[in-house]
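Shown next, in structure tokens, is the structure this report addresses.
Since every read-out is calculated from the coordinates, none of them should be taken as a lab result. Please read these numbers as outputs of a predicted model, since none were measured by experiment. A quick note on method: Cβ atoms are made from the backbone with ideal geometry, for glycine too, and the neighbour counts reach across all protein chains shown.
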Amino acid sequence: MTSQADIPPGLEDSSGGNYPATEGGKGRGPFDPRVWRSPIRGPWLTSVFGLVLLVGIPIEFITGLLSYAAYNPRLAAVNDPNPSHGLLGFFLFPWFTGPSWLFRLIEGIHVFLGLALVPIVLAKLWSVLPELFTWPPLRSVAHFLERLSLLMLVGGIVFQMTTGIFEMEYWSREGFSFYTGHYYGAWIFIAGFAVHVVLRFGRMRTALKSRSFRGELRTGLAQTEPEPIDEFGLVALQPAPPTISRRGVLGLVGGTSLIVLFLTVGETIGGAMRRLALFSTHFRTQSGPNGFPINNTAVSRGVTAKMTGSSWRLEVVGAKRQSFSRADLLALPQVTVVLPIACTDGWSTTQTWTGVRLAELALRVGAEPGKATGVHSLDGEATALSWSQVAAAQSLVALKVNGVDLSIDHGYPARIMVPAATGDHQLKWLRSVNFGEVENL
Ligand SMILES: Nc1nc2c(c(=O)[nH]1)N[C@H]1C(S)=C(S)[C@@H](COP(=O)(O)O)O[C@H]1N2
Ligand SMILES: [Mo]
């Protein structure tokens with residue numbers, strides 16, 4: 001058990017009270033260091049969780065920025081779900097058109113690694129709770145800045161996790177812009193994260209070296225002892241008897257993380273795993289060739305059988321204007337491609353699509369190469385595609401999926417399919433394609 005003798009030299013308090021990092025605060029609830037009694041809390045355990053996050057968080061940040069870039073926000077205002085990216089848009093670049101699974105991979109990593117990190121973040125927060133309650137709360141300018149970075153870090157991660165999970169579940173559609181919030185939240189959080197890494201990296205290294213990871217995995221409850229008293233106030237001054245070993249905590253947290261992953265990742269992996277995807281809110285309205293997940297149904301978007309019936313035409317505008325019935329489109333050269341729909345909400349599905357190349361239509365109406373293209377749908381959606389997206393050999397106005405006509409919920413009579421793009425750009429129920437015209441989307 002801990003005694004004065006465990007306190008590092010120079011940190012003893014002759015009054016028989018506390019050591020400096022947790023000085024004062026006695027009798028002030030959580031600010032009183034004596035209330036924190038877990039015998040396994042300490043720099044080593046914190047650093048193990050910290051190391052996982054040190055790897056995971058940058059991956060989250062980069063995949064997040066890349067999925068924003070996938071919207072081609074600079075192409076047209078309609079593509080930018082977060083219109084004032086301003087200075088923070090410095091990293092944007094014209095999005096890729098291949099490999100076709102690019103957005104699926106990036107978004108899959110972002111969403112499902114993000115979910116798997118939730119238990120680790122919670123464990124990390126639990127492990128540093130005493131440090132979040134220091135007394136007095138502010139001591140100096142340096143201390144104030146450190147506290148501010150912690151607020152950005154802790155507030156930021158909680159905000160990012162909550163908005164991310166809400167987006168997956170479609171709860172954030174009204175009154176709050178997920179994209180703007182999650183995007184600015186990411187920058188605020190990463191600033192706090194960067195400061196935190198600079199301030200704590202050395203401490204983490206020392207702490208990780210202080211115990212052997214393998215040794216901990218061999219240590220059961222009976223032999224579990226507190227870490228030596230640290231100068232940062234993580235180790236309990238009056239530890240309670242252990243109720244779980246460090247091995248147990250690592251197993252619990254790592255196991256929870258894997259279970260979360262197992263129960264969600266089916267949304268993007270598909271196959272039998274999709275049935276396990278507990279959080280899935282994406283359903284299908286039929287089985288067979290059109291039996292894959294739907295984002296918005298025709299009914300929910302106000303698209304009726306009358307609008308998509310025999311009077312339907314696709315308006316295609318370039319140097320000249322031409323309108324195509326579905327039969328006209330079917331009479332043009334047909335191409336079959338295997339492409340994923342990958343939604344920003346995390347789910348994805350790869351199917352086999354048949355239809356007319358966008359490049360073929362561009363040629364027929366004399367589109368001027370190099371310019372962006374505006375696409376409109378019957379439900380009033382619009383998107384801008386770059387010239388490289390239009391010209392890509394796999395980019396289609398799709399008419400069929402898996403050998404049969406598109407179902408109305410998957411976009412009948414015609415939808416856009418573009419490789420490597422976000423699902424949002426693969427418009428269903430097409431109304432018009434305007435080559436070179438993105439101003440009035
Ligand atoms: N016209 C229109 N097209 C749309 C949408 C929509 O709401 N309206 N949703 C988009 C989104 S966000 C996704 S992920 C895909 C999903 O396609 P699916 O419903 O066929 O699976 O369609 C896209 N195309
Ligand atoms: Mo989507």
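Worth a mention:
- With Cα atoms, 0 to 90° folded angle of helix 141-168 axis to the chain main axis: 40 degrees
- For the pair Arg321 and Leu88, the difference between a 0.36 nm per residue extended length and the Cα-Cα distance amounts to 80.0 nm.
- Efficiency of FRET from Cβ geometry, Ala194 and Ile244, R₀ 25 Å, rounded to 0.05: 0.15
- Global form of the stretch 81-152, assessed from the alpha-carbon gyration tensor, a/c cut-off 1.5: oblate
- From largest to smallest, the equivalent ellipsoid semi-axes obtained for the stretch 34-109 from the alpha-carbon gyration tensor read 38, 16, 9 Å.
- Straightening the chain between Leu278 and Arg205 buys 22.5 nm, computed as 0.36 nm per residue apart minus the Cα-Cα spacing.
- Full extension of the chain between Glu231 and Asn440 gives 69.1 nm of extra length, using 0.36 nm per residue less the Cα-Cα distance.
- Degrees between helix 178-210 axis and first principal axis of the chain (Cα, 0 to 90, nearest 10): 40 degrees
- Entry note, the chain: relative contact order of 20 percent, from Cα contacts under 8 Å with a spacing of 6+ residues.
- Cα gyration tensor, the stretch 301-383 - rounded (a/c under 1.5), prolate or oblate: rounded
- The chain: C-alpha gyration tensor shape, a/c 1.5 cut-off, then a/b vs b/c: prolate
- Calculated FRET efficiency, Ser310 to Ser388, Cβ-Cβ distance, R0 = 35 Å: about 0.50 to the nearest 0.05.
- FRET efficiency estimate (nearest 0.05) - Cβ-Cβ, Leu145 to Val118, R0 30 angstrom: 0.60
- Qualifying GluC sites (Glu not before Pro) in the stretch 304-388, DSSP loop, other Cβ atoms within 10 Å at most 12: none
- Degrees between helix 43-69 axis and first principal axis of the chain (Cα, 0 to 90, nearest 10): 20 degrees
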